[in-house]
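Student: Following this message is one structure expressed as structure tokens.
The values are calculated or read from the model by the stated rules, or taken from the named source; none is laboratory data. Just so we're clear, the structure is a prediction, and the values are computed from it rather than from any experiment. Glycine gets a Cβ as well: all are built from the backbone with ideal geometry, and neighbour counts include every protein chain shown. Side chains are part of the model used for accessible areas, which takes the heavy atoms of the whole protein and leaves out ligands, DNA and RNA. Shrake-Rupley method; radii C 1.70, N 1.55, O 1.52, S 1.80 Å.
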Amino acid sequence: MGPVSPTQCLRNRLRLRERERQRERERERERERRREIQESELQKFYSRLVKLLQAKELSHETVDSLQRLHIILFATKFTRTLPVELQKRLLSLLSAPAEQIQVLSSAVLRETLPLSGQELNYNQENAAQLNSHAAALLLSRAGSRAELSSLCTQFLRSLESRQSEGPAHSFTHILPIINTMLTHSPECLTEDHVTLLSKKLVDWLRYASITQGGGASSGGFFTGPRLRQPMPVAELDGTVSGDFFTVLCVGQGFTEDQWMNVYSFSMLRHWLLTYHSVSTGSTTADTANRVRLSLSLSHSLSNDDRSEVDGSVVSMVSATSSSSRLLPPKERLREKAFQYCQRLIEQSDRKTHRRIDAELQKACLVEAVGILDCVCVEDASLVYRTFPCIKALFGRLSSDLSFARVLLPIAQFYLNHGEMAAVDCESVWKVVFGRFPAELFNDAFLAHELLRFLRLNLESLQLRLPQYTRSFPNLLKFLAWNSPAVVDDFVDLLPSLVTTGTAVELLHTLLDLPCLSATLVLQHRSTCLPISDTGGRSLVSLDAFRNPSFRGLFLFLLRGEAGSGDTIDRLSTLHEQLAEAASWPRVVQCAQTVPVLLHIFFNTVVTIADQKLLAHLILVMLERSSLLLSLRTFIREVHRVFSCHLLRLCKLQPSLVMDQSHELVEFAGTTANVYNKEEMYTHVVWVLGEYLSVSCDSRCSVRLITSCFEALEAVLFEITSSTPPPGSPCPAPRVITTLMSALAKLASRSHDLIPRVSLFLSKLRSVTRCGSVTWCSDEEDLVAIVTRGEELWSLLKTPGVAQSVLTPSAHVTTPQWHKDTNVSMPLQMRALTSLTHSQ
Amino acid sequence: MVRCFLIHTVCQLSALSAGESRVLYSRVFGPDEGVLSDQHRELSPEERRLLQKEKAAVVARQVRSAVSLFREASDRQLMEMVPGDEALALQEADSGVVRLRAGDPFSEEMSALWLGVQSLAFTLVCEPHENLLLAEGTLRNLTRHCLEHLHMLGQGSEVLLRSHRIDALLSRLLPHGQLLFLNHRFAQSLEKEVVAYMAK
């Protein structure tokens, strides 16, 4: 066989592709077919299931089929309609004795649509008697706020009517249901509800039994007498509990009211937040409440304080609390919540051997401080009673960073109430802005909570805490470590960190963010790994990190506060040492967030900065464009952002070009920039050509225009007369045309320069006529360049016209179509041509 | 309040395009958000169900990205686990939290806590003011039970075929989305019920 020709090869490939397509079509048809079969099989499956459900005893097969039905319904995005008969059977199964069946029927029905006009198997009065799974279904099917309101009322009423009839636990799911409804629709609440539930919560929270529940006597010959003499509940460390029951009390078993204590405390904070928002809703309702509250006062009086009846040993908390029996329900609940939280804080100090309990203690502290904050917001008089306890707690925990998550709510408390109580908060902020970011930057949950704390309190932080804005080098550590998770928060926070005092340093810090990320990795590694172990490969950067001569550089990156200088001298040394970090995923992820943040930074800074600061920022941009960690995409993106904002700043304040003319001309006169910073270079040249003019700034002299012209001319001459340096591509055509336009613009403002441009342009034409050139590989590009050259050349032949076209006065530029010189020039030329021709 | 609990994949699946995640279990607590929002009130029940499914899918996708980026950054190799390694798998699990902005996909801001175990993620979507320390503990506890009772480190598909077990688990440890403060005694008593249910 001879060699295969390219056309044959192509034909073969096409045939293969065609066959592939055919197979794909067949597969599609097969899938179609399967779908069809499924539908008919489904119907069979339904009817088989109906038969199974008719049987008196529900078999394993029934359970399996129900589960299978659930998968079928769950797996499709679209709703399948079940046969009416099946739906009805499933509804009746909701109250089946076996829980498995309840769960399954509820799960299946949640995936279907209610039949029209079909209501769940309950009448308006007994919703609260449904089991938890049926109730969940009922809730998920609620079709409107009104329906939810009526359900809410029913569930609340059921709390009132029943004490503990029915099996244990039947009661417990009602509080979570109520809480769910209030979460979604707080307007369900009426003042009556608030009173009712507040009273119930007081009972469960403060007066749950303090003896162990029935579980203690689970059989056994010798347990008999114990049953008659119930044991008191214990604290987590095993000592006998001396005060009222809380979630941190343990026993062999629990009574129903102890379970209710757990459920009540679990929903307490949300309840306080919700009823708070309800009662502040309208003032007319408020006065009505007061009447009702005074009426209910008699009720609370009759409600005897059972804790005294119990005759338990009264601890500090109970002893110090004032008698609250005379308070109306809401205030009474507040008082009891206050006592409960104080007791929890006390209890959290007890030693426990189990991790689950130790974690619960922390979670309880978070909740308790949150609740105390809540009640203090409502009733400022409680602030003075609460602060000693909060202060003591802070003192106890502040040095132990494993309690960091607890310290955040404490910080919130200080922020909300510190001023009122005239408490010194400095040590709190030292921990929050100092140690947290510096030492716990790798704790994702703390980062999330701390940044949320900042977002929520932004206004008061900015107003009252100058250390907030100063702490940005520290806060940015969260971003440097875990960029994807927190970038969203920083998008919101960054504007608040930009001030006239911090702008320059912040800009440098943002640009050094990938370096910070690498440094944190090194810091993490050097603390986690022994010096000898570098994970198999030796890292230049890790050696540098441990090298005392570079210590200062790394310490600057790791600084906790702003103000020790905008940046450092030996940045390039640092970049060299960190060069290998450019491939570390964490550093790459971090670098990807920088351009977004830079955009936000510049957008914010133009709203607050004066011209001096903006001029300084331009300087930083020019400087830092060549001082970046060597990640190729990162550098390109940063240059793009710089270009975009350089243009915006100059457009906003054209005299900025005059302010920084020396640096801009120097930048534009460096040939290397054409090749490695094309984007930036083009924009700098354009800005010089556009705004270096007397009409923008009266300080602009002929000498300056000439020196700028000469710098640009030299570069243009160099790049169009020699081959590009080895390794670099040809200069972009856009750079060349921008340079030509800028030269023509400058010449139109200083007519002595016109012959020099013209000479260059004519040379350009003659060179290109001879054929290809080394500095432009694309024929079309070359034609475009030459055409532009010819246009400019002929324009410059009539200097008066050239000036009006290339440096149009303000009233000509105001119309939008003139904004882009590149686009509008041919348009202007055509307009001028038609004018001259008509004459 | 916890808004929903999800179990979904965080690995590459041949049936899905890159970055997608397959939701294996999802449970939304409480009434449907769509019914209560003005924006979606006009939707038919069928459309609302679809919207709810899509919301779960959005959360799953976001968490999937978070897990992969997290794993990429921490540069740690996943250890192969087999049934019996549940405790170790849980100990080795990656965890984190994703901020879900208001409107994306829930009408209010939410925090999605995730626990990445091998190729699966267990995700709790909480209201952000919720006690996240408690939520974290609850999520760990739920995950442990799921791994054990549904043999999720094995090859089988019990997570789909025994999803009622997860329902039963949730009804005790996270009833109607309510996070509970359970000390070890309360937890033991609930676990006894769970074990009794699983034995059936």
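Student: Using a basic spin-label model with each label point 7 Å from the Cα along Cα→Cβ, how many nm lie between residue A:75 and residue A:783?
Tutor: With each label point 7 Å from Cα toward Cβ, the separation is 6.0 nm.
Student: Would you kindly find the accessible area of residue B:79, with a 1.4 Å probe and non-protein molecules such as ligands, DNA and RNA excluded, rounding to the nearest 10 Å²?
Tutor: Counting only protein heavy atoms, the figure is 90 Å².
Student: State the percentage of accessible surface on the protein assembly as shown attributable to carbon and sulfur atoms; use a 1.4 Å probe and exclude ligands, DNA and RNA.
Tutor: Whole-percent figure for carbon plus sulfur exposure: 54.
Student: Quick check: the distance between the Cα centres of region B:54-127 and region A:356-393, to the nearest angstrom?
Tutor: If we compute the Cα centre of each part, the gap is 31 Å.
Student: For residue A:382, what is the net charge nearby, where nearby means another residue's Cβ is under 12 Å from its Cβ and Lys, Arg count +1, Asp, Glu -1?
Tutor: Taking every other residue near residue A:382 into account, the sum is -3.
Student: Still on this structure, I have one more. Residues of region A:43-71 with amide nitrogen under 16 Å from the 7 Å Cα-to-Cβ point of residue B:161?
Tutor: A:60-71
Student: Using helices alone, I'd like the mean residue ellipticity at 222 nm for the protein assembly as shown: each DSSP H run of four-plus residues gives -39500 (n - 2.57), total over residue count, nearest 500.
Tutor: Mean residue ellipticity at 222 nm (helix-derived): -20000 deg cm²/dmol.
Student: With Rg and the Kirkwood Rh both taken from Cα atoms, where does Rg over Rh land for chain B?
Tutor: Answer for chain B: 0.95.
Student: Summed for both chains, how many Å² of accessible area, to the nearest 100, are buried between A and B with a 1.4 Å probe?
Tutor: Roughly 6800 Å².
Student: Separate question: Only four residue types carry charge here, +1 at the Cβ of Lys and Arg and -1 at the Cβ of Asp and Glu. Report the dipole size of region A:651-802 about the Cα centre in Debye, rounded to the nearest 20.
Tutor: 420 debye
Student: What does the accessible area of residue B:144 come to, in Å² to the nearest 10, when a probe of 1.4 Å is used?
Tutor: Accessible surface of residue B:144 is approximately 80 Å².
Student: Between the chain alone and the structure with every protein chain in place, find the residues of region A:183-203 that drop at least 20 Å² of accessible area; heavy atoms, 1.4 Å probe.
Tutor: Residues of region A:183-203 that lose at least 20 Å² of accessible area once the other chains are added: A:183, A:184.
Student: Right, next: What's the center-to-center distance, using Cα atoms, between region A:46-102 and region A:236-254 in Å?
Tutor: Cα centroid of region A:46-102 versus Cα centroid of region A:236-254: 44 Å apart.
Student: OK, next. Relative to 2.2 N^0.38 Å, what does the C-alpha radius of gyration of the protein assembly as shown come to as a ratio? Two decimals please.
Tutor: Rounded to two decimals, the normalised Rg is 1.17.
Student: Same structure, new question: At a 1.4 Å probe, which residues in region A:61-99 are at least 50 Å² less accessible with all protein chains present than in their chain isolated?
Tutor: Listed in order, they are A:67, A:71, A:74, A:77, A:79, A:99.
Student: Checking the cross-link filter: which aspartates and glutamates have an alpha carbon closer than 19 Å to that of residue B:55, excluding same-chain neighbours under 8 positions apart?
Tutor: Output for residue B:55: A:111, B:20, B:32, B:33, B:38, B:42, B:46, B:47, B:104, B:108, B:109, B:127.
Student: Assigning unit charges at the beta carbon (Lys, Arg +1; Asp, Glu -1) and nothing else, what dipole magnitude in debye, to the nearest 20, does region A:610-675 show about its Cα centre?
Tutor: Around 300 debye, computed over region A:610-675.
Student: Pull out the extension gain between residue B:80 and residue B:129, defined as 0.36 nm times the separation in residues minus the alpha carbon to alpha carbon distance; nm, one decimal.
Tutor: Net length gain for the segment: 14.0 nm.
Student: Most mobile of B:14, B:26, B:44 per a Gaussian network model of chain B (Cα springs, under 10 Å)?
Tutor: B:14
Student: Now a separate question. Per residue, how much accessible surface does region B:2-199 expose to a 1.4 Å probe? Answer in Å², no decimals.
Tutor: 38 Å²
Student: Looking at region B:5-89, which trypsin sites (Lys or Arg not before Pro) are in a loop (DSSP not H, G, I, E or B) and have at most 13 other Cβ atoms within 10 Å?
Tutor: B:41, B:76
Student: I'd like to know which of A:656, A:622, A:693 lies farthest towards the positive end of the charge dipole of region A:610-706, counting +1 on Cβ of Lys and Arg and -1 on Cβ of Asp and Glu.
Tutor: Going by the charge dipole, the pick is A:622.
Student: Enter the Cα centre distance for the pair region A:427-475 and region A:664-730, rounded to the nearest angstrom.
Tutor: Taking the Cα centre of each part, region A:427-475 and region A:664-730 sit 44 Å apart.
Student: Related question: Checking the cross-link filter: which lysines have an alpha carbon closer than 26 Å to that of residue A:199, excluding same-chain neighbours under 8 positions apart?
Tutor: Those lysines meeting the cut-off are A:330, A:336.
Student: For residue B:200, give me every one of the aspartates and glutamates with a C-alpha distance below 19 angstrom, ignoring sequence neighbours fewer than eight places off in its own chain.
Tutor: Residue B:200 reaches A:57, A:61, A:64, A:99, B:148, B:158, B:167, B:191.
Student: Could you give the length gained by full extension between residue A:662 and residue A:555, i.e. 0.36 nm per residue of separation minus their alpha carbon distance, to one decimal place?
Tutor: Result: 35.2 nm gained on full extension.
Student: With unit charges on the beta carbons (Lys and Arg positive, Asp and Glu negative) and the dipole taken about the Cα centre of region B:2-199, which residue among B:132, B:91, B:176 sits farthest to the positive side?
Tutor: B:176
Student: Tell me, in nm to one decimal, what length is gained between residue A:774 and residue A:45 on full extension, where the rule is 0.36 nm per residue of separation less the Cα-Cα distance?
Tutor: Going from the current span to full extension adds 254.8 nm.
Student: Separate question: FRET efficiency for residue A:84 and residue A:460, Cβ-Cβ distance as r, R0 = 45 Å, nearest 0.05?
Tutor: E(calc), rounded to 0.05, equals 0.15.
Student: I've got another one for you. Please arrange A:797, A:362, A:56 by accessible surface area, largest first, computed with a 1.4 Å probe and ligands excluded.
Tutor: If we order A:797, A:362, A:56 from most to least accessible, we get A:56, A:797, A:362.
Student: Right, next: Testing the spin-label approximation: label points 7 Å from Cα along Cα→Cβ at residue A:706 and residue A:579. State their distance in nm.
Tutor: So the label points at residue A:706 and residue A:579 sit 4.4 nm apart.
Student: Can you send over the solvent-accessible area of residue A:385, 1.4 Å probe, protein chains only, in Å² to the nearest 10?
Tutor: 90 Å²
Student: Applying 1/(1 + (r/R0)^6) with R0 = 45 Å to the Cβ-Cβ distance of residue A:611 and residue A:763, what FRET efficiency is obtained, to the nearest 0.05?
Tutor: 0.65
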